[in-house]
Amino acid sequence: MVALAPAAARGANTGDISLWRINLLRLGYFIMAGGMGSIIVPAFLHHRPWEFTHGVMNSMLLAMAVLALLGLRYPLKMLPLVFWEMIWKIVWLGAIAYPAWRNGTMDAGMEANLFPCALVAIFLVIVPWDYVWRNFAAAKSDRLW
């Protein structure tokens, strides 16, 4: 009976998510951390002074890459980071890129950002939405005060 306790506790924490799905999430975090880290870390090491907005944006992207490393260890606990990543990319694609494409005003910078933002489709597929529903949408909320 004691030998079964750790397995039972693991199942309760993951909501019975299979190991292959958890590892698929880890792959997503690896792509986030590696992809963004390979771009943003060198930018931080070798940059001229940035304008305020550019510096804030790069700092947020570096924080996202570092937090994605935590997703390798805690893939389900770090799902809000994935939500943030999905939401900003979907908003950018729908509210910025699509209207610019439709109006013929898309510049080279926007075109370069299209593919990385379109990779959001990967997360739409690998996120365990049943787990998200049970633990984020349908779960009892924390006490307000």
Subject >> FRET efficiency estimate (nearest 0.05) - Cβ-Cβ, residue 23 to residue 142, R0 25 angstrom >> reply: 0.30
Original post:
Can you list the equivalent-ellipsoid semi-axes of the range 59-100, largest first and in whole Å, using the square root of 5 times each Cα gyration tensor eigenvalue?
Top reply: 25, 11, 5
Original post:
Which whole-Hz couplings ³J(HN,Hα) result when phi for each residue of the range 122-137 is put into the Karplus expression 6.51 cos²θ - 1.76 cosθ + 1.60, θ = phi - 60°, listed in order with x for Gly and Pro?
Top reply: 4, 5, 4, 8, 8, 5, x, 4, 5, 5, 4, 4, 5, 9, 10, 8
Subject >> Residue-averaged [θ]222 nm for the chain, counting only DSSP H segments that reach four residues, each worth -39500 (n - 2.57) >> reply: -21500 deg cm²/dmol
Original post:
To one decimal place, what Kirkwood hydrodynamic radius in Å is obtained for the chain from all pairs of distinct Cα atoms?
Top reply: 17.6 Å
**OP:** Tell me the trypsin sites (Lys or Arg not before Pro) within the range 50-109 that lie in a loop according to DSSP and have at most 10 other beta-carbon atoms within 10 Å.
**Re:** none
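Only the coordinates and a few stated rules stand behind these numbers; no lab work does. Since the model is a prediction, treat every value here as computed from it, not as a measurement. Methodologically, a virtual Cβ is constructed for each residue, glycine included, from the backbone with ideal geometry; neighbour enumeration extends over all protein chains shown.
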